[in-house]
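Participant: Before anything else, here's the structure in question.
The values are calculated or read from the model by the stated rules, or taken from the named source; none is laboratory data. Since we're looking at a predicted model, the values are computed, not measured. Glycine also receives a Cβ, built like all others from the backbone with ideal geometry; neighbour counts cover every protein chain displayed.
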Amino acid sequence: MSAVVLAGLLGVAYDLGIRVNVQTRSVPVPTAALSPEDVVRAYVEAYDHRDFTTTSAIYPNGQAAFSRFRAMGTIRHLTIVESRVATSADLAGTFPEAGHSYYRVQVSFDYTGLTGSDLAVDDGPSGSTYWLERSSADRPWTIADEGFKVGLLRSSVRRRESDMPRQPISTPLAPSSPMFSQGVRSGPHLFVSGTTGIDPRTGEPAGTTIQAQLRQALVNCRAVLDAGGASLDDVVEVGILLADPEDFAGLNEEYAHWFPTDPPTRYVARLGPVVPGLLVSVRMTAITT
């Protein structure tokens with residue numbers, strides 16, 4: 001195929017909003033002088049013209065995805081919707097680097113001709129959120145993660161959960177055993193082991209009714225949460241094992257006092273092993289910010 005014919009085909013594709021992986025323009029790599037908004041604009045321009053040298057410099061973690069694309073669409077009519085310093089709430093659940101600055105830039109745009117991609121979307125209005133970071137004022141902003149409107153990944157500003165440090169939680173205010181940790185914190189997640197209605201001060205069940213033992217089990221769970229830096233307000237799931245299904249109504253009677261509004265998710269199942277005198281076991285999962 002002659003160069004003239006190839007150039008003609010590329011020109012038609014360009015007009016249709018279709019880009020193949022052929023660079024059509026060089027876009028300068030941003031310097032420290034550029035604002036986060038201008039870095040996003042440079043990234044979009046480099047993407048649009050298949051300058052993968054510049055896209056990889058701006059968004060290093062996105063390069064692997066670009067290499068899989070056979071053909072990509074065009075981003076047109078880029079508009080900055082919101083641009084601001086990332087807040088602690090934005091970064092909740094992530095592990096920002098000490099001394100680094102983080103910025104959030106939300107944009108809207110039109111996609112045209114996006115084909116042959118595992119990120120293919122329909123032509124038309126779309127948008128994205130770019131999370132930028134830099135280590136110091138004399139370094140350029142780079143994109144740490146990109147969240148399309150179908151989801152925000154933030155994978156490069158946080159550790160994977162499998163890499164999160166595992167921190168056992170211990171407190172004398174709840175029953176303990178050498179067979180398990182009372183609780184374990186992993187990143188923002190705090191997992192509380194199944195806890196019975198035993199009073200840790202006496203080592204005996206706190207009464208003979210389901211209400212009394214459930215109350216003590218919840219007191220024990222709260223103590224573990226407190227030791228791990230969480231509270232009942234942070235609980236997202238409660239699991240309850242009940243020795244006698246006939247106690248279900250009494251269980252709900254006491255439970256309602258602990259989570260009167262907007263309760264966490266919950267399941268109740270039959271307690272497997274029969275332990276004389278023990279009526280209930282409770283476990284919890286909490287997420288902190």
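Participant: Please work out which residue is modelled with the lowest pLDDT, limiting yourself to the range 231-288 and to residues that are outside any helix (DSSP H, G or I) and among the charged types (D, E, K, R). Steps first, please.
Facilitator: Taking the range 231-288 first, the residues outside any helix (DSSP H, G or I) are 231, 235-244, 259-288.
Within this subset, residues satisfying the condition of being among the charged types (D, E, K, R) are 237, 244, 262, 266, 270, 283.
Details: Glu237: 94, Asp244: 92, Asp262: 91, Arg266: 94, Arg270: 88, Arg283: 95.
Per the stated criteria, the residue is Arg270.
Let's see how each residue does on (1) loosely packed, with under 15 Cβ neighbours inside 10 Å; (2) at pLDDT 75 or above:
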{"residue": "Gly99", "(1), (2)": "yes, yes"}
{"residue": "Leu114", "(1), (2)": "no, no"}
{"residue": "Thr129", "(1), (2)": "no, yes"}
{"residue": "Glu133", "(1), (2)": "no, yes"}
{"residue": "Thr142", "(1), (2)": "no, yes"}
{"residue": "Glu161", "(1), (2)": "yes, no"}
{"residue": "Gln167", "(1), (2)": "yes, yes"}
{"residue": "Arg185", "(1), (2)": "no, yes"}
{"residue": "Val192", "(1), (2)": "no, yes"}
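Participant: Suppose we filter the range 28-62 for residues that are among the aliphatic types (A, V, I, L, M), part of a helix (DSSP H, G or I) and touching a helix residue (DSSP H, G or I) at 6+ places or on another chain (Cβ under 8 Å); how many remain? Walk me through it before giving the result.
Facilitator: Start the filter on the range 28-62 by keeping residues that are among the aliphatic types (A, V, I, L, M), which leaves 29, 32-34, 39-40, 42, 44, 46, 57-58.
Still in the running and part of a helix (DSSP H, G or I): 39-40, 42, 44, 46, 57-58.
From the residues that got through so far, the ones that are touching a helix residue (DSSP H, G or I) at 6+ places or on another chain (Cβ under 8 Å) too are 39, 42, 46, 58.
Residues in the range 28-62 being among the aliphatic types (A, V, I, L, M), part of a helix (DSSP H, G or I) and touching a helix residue (DSSP H, G or I) at 6+ places or on another chain (Cβ under 8 Å): 4 in total.
Participant: Examine the range 201-208 for a residue that is under 24 Å from Ser177 (Cβ atoms), surrounded by fewer than 17 Cβ atoms within 10 Å (Cβ to Cβ) and β-branched (Val, Ile, Thr), and state whether such a residue exists.
Facilitator: Checked against the condition, which is being under 24 Å from Ser177 (Cβ atoms), surrounded by fewer than 17 Cβ atoms within 10 Å (Cβ to Cβ) and β-branched (Val, Ile, Thr), the range 201-208 yields at least one hit.
Table: residues versus (1) in contact with an Asp or Glu (Cβ under 6 Å, 6 or more places away or on another chain); (2) among the aliphatic types (A, V, I, L, M).
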| site | (1), (2) |
| --- | --- |
| Gly229 | no, no |
| Leu232 | no, yes |
| Val235 | no, yes |
| His257 | no, no |
| Pro260 | no, no |
| Arg270 | no, no |
| Arg283 | no, no |
| Ala286 | yes, yes |
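Participant: Residues being out of contact with any strand residue (DSSP E or B) (no Cβ under 6 Å at 6 or more places or on another chain) and among the small types (Gly, Ala, Ser): count how many of those fall in the range 181-214.
Facilitator: 4
Participant: Kindly list, by first and then second residue, each pair from a residue in the range 73-84 that is over 14 Å from Tyr47 (Cβ atoms) to a residue that is assigned to a strand (DSSP E or B) and among the aromatic types (Phe, Trp, Tyr), limited to pairs with Cβ atoms under 6 Å and residues at least 6 apart or on different chains.
Facilitator: His77/Phe109
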